[in-house]
Amino acid sequence: MPAIEFTLVTPGKKLFAGNVSWVQVPARDGYMGFLPGHAPLVSLAGTGMITCRMEGGKEKIFTMSGGYFEIHLNRMTVMADVAEHVESIDLERAEKARQRALDRIRGTLPGDWDIDRAHAALLRALNRIGACQNCGILPGRKN
Ligand code: ATP
């Protein structure tokens, strides 16, 4: 079976390297899915979930934000600014980040906040919370 050799890295670590039969990543303007044989492409990445489908059909879910990805000759690499496997997400931390970002945007937290930065933080937090919800990960569970 043809496959894509998929690698997910951040500046600090390699989160995944292996063969996948299908992978979906968040590009800047929406999700893109890739099957073996895809044409070469380089693109900026956005904030969202990465879904990797293994050859047996099992899926692995990661969250990511920023960076870029490239595919060439069935080799695909995502170089993310930040990324986490969904199981390693600290949901309470994400909830706190969400609230902090909302407070900054609404002006209920004293300070002269960079609103664009607060919006980006809100998006990252909502992405992590949404991924946990999709995967049935409940608040308070221990990693
Ligand atoms: P926070 O304000 O909680 O730090 P953030 O969105 O500003 O959230 P990032 O700058 O995106 O955090 O990430 C910094 C590092 O912390 C990265 O290595 C990222 O993977 C990790 N990280 C951030 N939030 C979480 C979380 N809720 N669970 C697990 N790891 C996280």
When every residue in the range 58-72 that is touching a residue at least 24 places away in the same chain (Cβ under 8 Å) and closer than 26 Å to Met1 by Cα is compared, the one nearest to the ligand (Cβ to nearest atom) is Phe62
Residue pairs qualifying under the 6 Å Cβ cut-off, at least six apart or on distinct chains, with the first in the range 107-126 being closer than 25 Å to Val86 by Cα and hydrophobic (A, V, I, L, M, F, W, C) and the second being more than 10 Å from the ligand (Cβ to nearest atom) and assigned to a helix (DSSP H, G or I), are Ala118/Arg104; Ala118/Ile105
The condition of being in contact (Cβ under 8 Å) with a residue 12 or more places away in the chain, within 14 Å of the ligand (Cβ to nearest atom) and open to solvent by less than 30 Å² (accessible area, probe 1.4 Å) holds, among Gly18, Gly48, only for Gly48
Only one of Val78, Val82, Val42 is in the same structural domain as Ala17 (by TED's automatic domain parsing), of a type in the set (A, V, I, L, M) and under 19 Å from Asn19 (Cα atoms), namely Val78
Every listed condition ((1) near the ligand (Cβ under 8 Å from one of its atoms); (2) in contact with a Leu (Cβ under 6 Å, 6 or more places away or on another chain); (3) open to solvent by 90 Å² or more (accessible area, probe 1.4 Å)) holds for Pro139 save (1)
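Taking the condition of being farther than 19 Å from Val25 by Cα, more than 6 Å from the ligand (Cβ to nearest atom) and buried (at least 17 other Cβ atoms within 10 Å of the Cβ), how many residues in the range 73-102 meet it?
3
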Scanning the range 114-136 for residues that are over 16 Å from the mean Cα position of the chain (by Cα) and either within 13 Å of the ligand (Cβ to nearest atom) or within 21 Å of Gly30 (Cβ to Cβ) (or both) gives Asp114, Asp116, Arg117, Ala118, His119
Note on Pro110: of the conditions (1) out of contact with any Lys or Arg (no Cβ under 8 Å at 6 or more places or on another chain); (2) away from the ligand (no atom under 16 Å from the Cβ); (3) modelled with pLDDT of 95 or more, unmet is (3)
All-but-one check, Met54 against (1) under 29 Å from Gly136 (Cβ atoms); (2) buried (at least 18 other Cβ atoms within 10 Å of the Cβ), failing number (2)
Within the range 21-45, residues in contact with a Pro (Cβ under 7 Å, 6 or more places away or on another chain) and open to solvent by less than 20 Å² (accessible area, probe 1.4 Å) come out as Ala45
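The values are calculated or read from the model by the stated rules, or taken from the named source; none is laboratory data. Quantities reported herein were computed from a predicted structural model and do not represent experimental measurements. When we count neighbours, we look across all protein chains shown, and the Cβ atoms used for this are built from the backbone with ideal geometry, even at glycine. Note: areas computed on protein heavy atoms with side chains; ligands, DNA, RNA excluded. Shrake-Rupley method; radii C 1.70, N 1.55, O 1.52, S 1.80 Å.
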